[in-house]
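Since the structure comes first, as structure tokens, the remarks are kept for the end.
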């Protein structure tokens, strides 16, 4: 498997964990699971999930970065990561949060981010 494909797979996996770490506790709270958890427990719970994120994010960046022999520049890695983050976030939000709806301005923002990806890959 090419380093480009593996980098993208690792970025997607890391962003799934990141989204659960950052926003999953909100779903747990709204469903009553963690309503009575003290804040430090919520933070430790999220950090545990974030550790899994880092286990994929760091290898993705090391493998994908052109300075380490990978195919992507630093800015390309960052812009790809941001777009992947938003795609994962939207999917997660539509699945986990009732009442979450995409609006025209959200869609326009995504189009502009896709344009950003195009621009950073231009020679």
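Bear in mind that the values in this text are calculations on the coordinates, not laboratory data. No experiment lies behind these values; they were computed from the predicted model shown. Backbone-built Cβ (ideal geometry, glycine too); neighbour counts: all protein chains shown.
General observations
- Sequence ranges 13-24, 99-110, 65-76, ranked by mean other-Cβ count within 10 angstrom, highest first: 13-24, 65-76, 99-110
- Rounded to 10°, Cα long-axis angle of helix 74-96 versus longest principal axis of the chain: 30 degrees
- Each of residue 75 and residue 103 was given a label point 7 Å from its Cα along the Cα-to-Cβ line. The distance between the two points is 3.1 nm.
- Computed from the alpha carbon atoms alone, the convex hull of the chain holds 115 Å³ per residue.
- On Cα atoms only, tilt of 39-64 relative to the major axis of the chain in degrees: 10 degrees
- In the chain, the longest principal axis of the Cα atoms and the axis of helix 104-121 are about 30 degrees apart.
- Annotation: extensible slack from residue 116 through residue 6 equals 37.4 nm (criterion: 0.36 nm per residue apart, minus Cα-Cα distance).
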